[in-house]
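*Asks:* Handing you a structure now.
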Amino acid sequence: MKKLLICMFVAILSTAAAPVYANDAHHQTADNQKSYSAKGEVVAVDSALSKVKLKHDPVPELKWPSMTMFFNVADKALLDTVKSGDQVEFEFVKVDGSGPLITKIKPVK
Ligand SMILES: [Cu+2]
């Protein structure tokens, strides 16, 4: 019984230490994955491939002109809220090697 109590004590200590690592990881993610926001119009939605084709406005931060292009989406469910022809606001991160990835997208009302 005494041994069990020691185990629990150790477990509690490790749990208390965990948030330090979590914050650290979060900080790194924020640095590496700067997110950009832009507006545009949905040209096509491909739920099967988790992609959306957008005619987007310029993104000055990236020196992108306005253009029509495909974006990958982080979660297929994001595409349930938009359809072709919708004016949208979206946020994306740049992922090395696989292009921009949309993390948020919503129709503009
Ligand atoms: Cu583009």
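*Asks:* Please specify each residue of segment 53-74 satisfying the condition of being touching a residue at least 24 places away in the same chain (Cβ under 8 Å) and more than 12 Å from the ligand (Cβ to nearest atom).
*Replies:* GLU61, ASN72, VAL73, ALA74
*Asks:* If you scan segment 78-105, which residues turn out to be at pLDDT 95 or above and either aliphatic (A, V, I, L, M) or at positive phi (or both)?
*Replies:* Across segment 78-105, the qualifying residues are LEU78, LEU79, VAL82, GLY85, VAL88, VAL93, LEU101, ILE102, ILE105.
*Asks:* Given the condition of a type outside the set (Gly, Ala, Ser), surrounded by 15 or more Cβ atoms within 10 Å (Cβ to Cβ), away from the ligand (no atom under 16 Å from the Cβ) and in contact (Cβ under 8 Å) with a residue 12 or more places away in the chain, answer yes or no: does some residue in segment 82-91 qualify?
*Replies:* The answer is yes; a qualifying residue exists.
*Asks:* Same structure, new question: I'd like to know if segment 53-60 contains one or more residues that are surrounded by fewer than 12 Cβ atoms within 10 Å (Cβ to Cβ) and not small (Gly, Ala, Ser).
*Replies:* Yes: segment 53-60 contains one or more residues that are surrounded by fewer than 12 Cβ atoms within 10 Å (Cβ to Cβ) and not small (Gly, Ala, Ser).
*Asks:* Under 9 Å by Cβ, and 6 or more places apart or on different chains, what pairs join a residue from segment 96-109 that is over 13 Å from GLN33 (Cα atoms) with one that is surrounded by 17 or more Cβ atoms within 10 Å (Cβ to Cβ) and of a type in the set (Phe, Trp, Tyr)?
*Replies:* From segment 96-109, the pairs are LYS104/PHE90; LYS104/PHE92; ILE105/PHE71; ILE105/PHE90; ILE105/PHE92; LYS106/PHE90.
The values are calculated or read from the model by the stated rules, or taken from the named source; none is laboratory data. On a predicted model such as this, the values are computed, not experimentally measured, just so you know. Glycine also receives a Cβ, built like all others from the backbone with ideal geometry; neighbour counts cover every protein chain displayed.
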